[in-house]
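Here is the structure we will look at.
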Amino acid sequence: MRPVQLTINGEPRAIEVAETALLLEVLREQCGLFSVREGCGVGQCGTCTVLLDGRPVSSCLLLAALQDGRSVETLEGLGRPELGELDPIQAVFLEHEAFQCGYCTPGFILSVKALLAERPDPTPEEAREYLAGNLCRCGAYPEILKATAAASARLRGVQGSECAL
Amino acid sequence: MHRPGMLHVALVRSQSPHARLVSVDTARCASVPGVRLVLTGPDLPGIPDLDPWIGPAFKDHPLLAIDKVRFVGEPIAAVVAESVEAAGEGAALVEVEYAELPAVFDARIAAQPGAPLVHERVEPARAFPDLAHLPTLTGTNVCYQYRLRRGDVEAGFKAADFVFEDAFSSPPAQHASLEPHAYLAEAEPDGKLTIWSTTQTPSFVRSELADAFHLPLNRVRVRVPYLGGGYGGKMYDKHEPLVALLARLTGRPVKLVLSRGEEFHTITKHGANIHLKTGVMRDGRIVARHVQIFWDTGAYADIGPRVAGKTGFASAGPYRIEHVWVDSYCVYTNKPPAGAFRGFGMPQVVWAHERQADLIARRLGIDPLDFRLRQTLDEGDEFATGTALQSSGLRACLEQAAEAIDWGSRHKAHSAHFSAPEDAEAPITNLRRGKGIACGLKAVIFPSTSSAIVTLNADASATVYTSTVEMGQGSETTMAQFAAEVLGLPLEKIQVHPPDTDITPYDTITAGSRSTYHMGNAVRLAADDVRCQVLDAAAQRLEVSSADLEMADGDVFVRGAKERRVSLPDLFSLSFGGRGSTVVGHGRFTPTTAPVDPESGMSAKSTEYWFPGATAVEVEVDDQTGRVDVLRVAAAADVGTAVHPAHCRQQIVGATSMALSLALFEEIVFDGGHVVNPSLADYMLASALDVPPEIVPIVVQVPHPGGPFGAKGVGETAIFSLAPAIANAVADAVGVSLVDLPITPERVLQAISVAKAPTTNRAGSAHFSAPSDR
């Protein structure tokens with residue numbers, strides 16, 4: 001076991017992790033963050049996407065013990081659930097029904113968040129390219145891309161006020 | 001999911017495709033710290049009160065391999081431990097000694113006399129009425145043969161102007177639901193069994209568990225949370241009986257979650273080889289068709305016999321054909337089991353009949369759309385099986401899909417297979433554009449039964465209890481809509497209870513685009529039952545006939561005199577025992593069918609409804625690299641009444657995306673029975689980059705008189721015809737013929753080089769397989 005300091009969804013945490021434990025396993029089993037889901041185990045499907053210091057990564061490929069001092073964001077960190085408030089990206093995913101079974105949705109929402117942080121107004125091609133690391137077997141891609149464009153517009157158009165809805 | 005004291009399972013899997021088990025040594029495994037139980041297949045016959053054989057068609061599948069293994073990846077032993085890691089460590093230490101047997105990997109070879117036998121003897125399961133006629137099998141790998149005999153096919157070929165023969169293949173593929181199969185079972189000391197399972201068939205799993213352990217049905221509880229995708233991969237029982245057995249043997253909750261690699265060894269989409277011999281007249285009319293299909297169902301039949309039957313049924317295509325002969329064989333091989341996959345075999349047969357439709361149209365110089373429209377089955381026409389079509393918008397699907405991609409402008413823009421340069425200064429390009437169209441017509445599974453319960457509370461809220469599994473298709477919303485409509489309540493007043501066999505009543509399956517129609521009817525009937533009870537009570541209170549009453553927004557009132565009313569809270573207090581009481585309604589729906597003649601396959605009513613679809617595409621083919629870009633897709637589906645139009649469009653778009661992935665990328669590759677690509681790193685799925693920006697869903701509505709408010713189903717309709725539409729468009733673009741899936745750049749290049757080669761050797765290209773011009 002090895003102690004690591006992680007900031008998880010904004011809260012500093014000191015956790016003992018097994019040297020071989022994947023970040024995915026620690027987030028699910030030790031932190032109870034079940035929006036982080038394993039889909040393929042080899043970093044191809046994106047269902048285990050989390051934001052590591054703001055960058056989207058596949059948590060199934062990272063050893064938790066090597067992430068000391070870093071910040072991790074999962075879907076649970078978005079919006080203000082205690083007040084029933086959704087993040088604007090979550091809200092547009094709902095409005096556009098940008099999912100069917102929903103298994104891939106947390107990963108997609110985090111990837112969209114990272115995309116819009118990097119490029120607030122991506123072209124459709126840039127969005128498709130950026131989101132190619134997340135798979136949706138139900139095939140809701142057209143709705144996901146529409147939701148991405150809508151999130152971009154909303155975040156640029158009504159900065160602060162919409163986020164605090 | 002987690003339960004206190006929960007144990008974890010790792011499975012030891014076969015490394016041999018076909019071998020006798022000489023020994024399974026568990027000594028080293030059992031000494032691993034944390035390992036609580038090691039159960040091997042050879043242990044199973046010694047366990048009292050256990051039937052270790054499962055399967056929906058044949059009881060051919062042992063929970064663990066008992067005497068021999070039949071495919072690489074078949075589970076031989078289960079290691080149960082305190083942690084996933086300990087179970088995995090233990091599993092790696094189980095030593096298996098095999099005595100190799102000859103194996104067979106090709107269904108066409110396995111079907112021949114003298115081929116190595118995958119099973120020496122199998123017994124039928126008799127679990128479903130449509131499979132009740134399956135016999136005990138000995139001495140063959142052919143576990144089912146479907147026959148259709150209509151007219152006199154040989155006379156038809158004699159009368160035809162041309163006879164064309166072509167062979168087509170579809171590879172085995174993976175469902176690849178991003179959520180894998182997962183199970184959590186617990187056994188109470190009194191024997192009651194509870195299992196949470198990722199299943200599309202909770203009622204069937206309950207029966208199977210009851211049979212396996214000789215328990216009454218009410219001692220088995222199957223609960224199903226929302227599924228992370230199913231697509232047919234989570235049908236019937238997979239590892240539920242094994243996990244339940246491990247929970248019984250350890251007295252602890254036991255959980256099994258499959259890895260992605262294990263998914264490839266659990267259930268697959270059937271690979272199929274289809275041979276079509278078709279007699280046509282000069283004007284393009286098909287007069288006779290002979291169909292032979294070999295379905296590779298792998299080592300265990302799973303639902304393969306139903307796939308072979310239901311698709312053999314539809315394999316001649318949605319055309320008026322006087323003489324039809326179909327032999328559809330379901331064949332065991334030493335490969336992982338194949339079962340239901342979205343479309344239930346239709347994508348494989350539609351690939352064949354729609355590719356051949358284009359090949360014939362091109363050979364005869366007829367526009368492919370005209371070729372289809374000249375002989376498409378219309379309302380009232382008799383399908384090849386003798387059943388008249390009812391509520392079928394196939395023609396509208398074809399016409400509207402074609403229109404959406406400007407089919408009419410096709411020949412102008414695509415003459416000589418060159419894309420029209422949009423600007424005169426554009427450089428000469430390797431890119432060739434083409435358009436293609438294809439259609440399919442599926443019959444819903446028959447017979448089947450759905451049951452539902454609806455309860456109404458005094459506060460005008462209601463709950464719907466069904467065993468329909470929500471896996472992203474939107475069934476919860478649809479069922480709530482039906483109840484809301486009948487009860488005159490707003491949608492938000494309706495709750496839908498998730499499947500739980502202690503509470504929700506029987507349903508055959510959540511599959512085959514049947515739930516909206518069947519469960520929709522059951523919910524409608526259950527809500528009607530509630531409504532009748534409420535109206536009868538209100539009629540007494542208001543002293544009118546119940547026929548003059550209406551229900552809306554939580555009130556019952558006299559039609560045309562809204563002031564004469566009683567509110568539901570008042571009515572419940574007066575007539576149903578008080579504020580907290582409930583009115584309970586029940587509905588059961590089983591459509592009727594006419595008997596099917598076992599020799600000819602003919603029946604006056606062999607299905608309840610049809611769902612037709614058509615897909616039209618425009619592609620761009622790079623004739624130097626073979627790359628196919630699908631530029632736009634229009635997919636039309638006749639859904640009956642669109643109960644939830646947005647969800648109908650989503651199903652069409654989603655199925656199209658999945659079909660595109662299957663058409664261009666997907667194939668499970670085998671080498672000596674070993675899956676070469678059991679990982680999403682090697683088995684490619686379409687991403688947002690691959691799906692065309694423009695997918696136009698077209699909802700065609702031909703209401704069905706028997707459907708709830710006219711609805712049919714839509715989950716599979718757009719999955720049939722995309723692959724042949726793409727291949728037909730490739731033929732339009734570069735003049736080559738594809739007969740095998742997937743449509744990889746290598747295949748396209750190979751076809752281009754064959755087409756360019758001197759005419760002497762064109763073997764392998766069905767395009768040129770000898771038409772006999774009389």
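FYI, it's all coordinate maths here, none of it is from the lab. Please read all numbers here as calculations on a predicted model, not as lab measurements. Because the Cβ atoms are built from the backbone with ideal geometry, glycine has one as well, and the counts that use them run over all protein chains shown.
Tabulated data
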{"read-out": "D_trans [Stokes-Einstein, Kirkwood Rh over alpha-carbon pairs] for chain B, 20 °C, 1.002 mPa s, µm² s⁻¹", "value": "77 µm²/s"}
{"read-out": "Relative compactness, chain A, computed as alpha-carbon Rg over 2.2 N^0.38 Å", "value": "1.02"}
{"read-out": "Computed E for B:R588/B:H214 - FRET, C-beta separation, R0 22 angstrom, nearest 0.05", "value": "0.20"}
{"read-out": "Sorted largest first, extent of the stretch A:11-74 alpha carbons per principal axis (Å)", "value": "29, 23, 20"}
{"read-out": "Fewest-first ranking of B:K238, B:K493, B:K269, using other Cβ atoms within 10 Å as the exposure measure", "value": "B:K493, B:K238, B:K269"}
{"read-out": "Per principal axis, descending, Cα span of the stretch B:59-99 in whole Å", "value": "31, 24, 14"}
{"read-out": "Reduced Cα scattering model of the stretch B:274-403, Debye log10 I(q)/I(0), q = 0.15, 0.19 Å⁻¹", "value": "-0.75, -1.09"}
{"read-out": "DSSP bridge pairs, the stretch B:111-225: antiparallel proportion in percent, nearest 5", "value": "65 percent"}
{"read-out": "Within the stretch B:224-304: Cβ-based charge dipole about Cα centre, in debye rounded to nearest 20 (Lys, Arg +1; Asp, Glu -1)", "value": "160 debye"}
{"read-out": "Under the Debye formula (equal points on every Cα, no solvent term), log10 I(q)/I(0) of the stretch B:599-667 at q = 0.18, 0.19, 0.28 Å⁻¹", "value": "-0.84, -0.88, -1.29"}
{"read-out": "Within chain B, longest stretch clear of exposed GluC sites (Glu not before Pro) (DSSP loop, no more than 14 other Cβ within 10 Å)", "value": "B:121-378"}
{"read-out": "Ranked list, fewest to most other Cβ atoms within 10 Å of each Cβ, for A:F34, B:F162", "value": "A:F34, B:F162"}
{"read-out": "³J(HN,Hα) computed for each position of the stretch B:40-49 - Karplus, 6.51 cos²θ - 1.76 cosθ + 1.60, integer Hz, glycine/proline x", "value": "10, x, x, 6, 4, x, x, 8, x, 6"}
{"read-out": "Directionally averaged shadow of the protein assembly as shown, computed from the convex hull of its alpha-carbon atoms, nm²", "value": "42.4 nm²"}
{"read-out": "For B:H275, B:H181, order by how many other beta-carbon atoms lie within 10 Å, fewest first", "value": "B:H275, B:H181"}
{"read-out": "DSSP bridge orientation in the stretch B:251-327 - percent antiparallel, rounded to nearest 5", "value": "65 percent"}
{"read-out": "Computed FRET value (nearest 0.05) for B:E543 with A:L83, which takes r as the C-beta separation and R₀ as 60 Å", "value": "0.70"}
{"read-out": "Helix axis angle, A:105-118 relative to chain A longest principal axis, alpha carbon, degrees", "value": "80 degrees"}
{"read-out": "Whole-number percent relative contact order across chain B, with pairs defined as alpha carbons under 8 Å at least 6 apart", "value": "15 percent"}
{"read-out": "Electrostatic dipole magnitude of the stretch B:587-727 [Cβ: Lys, Arg +1; Asp, Glu -1; Cα centre; debye, to 20]", "value": "820 debye"}
{"read-out": "Principal axis dimensions, the stretch B:219-346 - Cα atoms, whole angstrom, descending", "value": "71, 31, 28"}
{"read-out": "Rg to Rh, two decimals, where the stretch B:101-244 supplies the alpha carbon set and Rh follows Kirkwood", "value": "1.10"}
{"read-out": "19 Å Cα-Cα threshold exceeded, pairs from B:K310/B:K605; B:K310/B:K442; B:K269/B:K435", "value": "B:K269/B:K435"}
{"read-out": "Using alpha-carbon coordinates, inclination of helix A:141-157 to the longest axis of chain A, degrees", "value": "80 degrees"}
{"read-out": "Antiparallel DSSP beta bridges within the protein assembly as shown, as percent of all bridges there, nearest 5", "value": "80 percent"}
{"read-out": "Charge-dipole axis of the stretch B:109-177 as Lys and Arg at +1 and Asp and Glu at -1 on Cβ define it, positive-most pick from B:T140, B:A173, B:V163", "value": "B:T140"}
{"read-out": "Gap separating the Cα centres of the stretch A:69-111 and the stretch B:687-702, nearest whole Å", "value": "25 Å"}
{"read-out": "Cα centroid separation - the stretch B:608-678 against the stretch B:238-299, whole Å", "value": "18 Å"}
{"read-out": "Electrostatic dipole magnitude of the stretch B:521-671 [Cβ: Lys, Arg +1; Asp, Glu -1; Cα centre; debye, to 20]", "value": "1020 debye"}
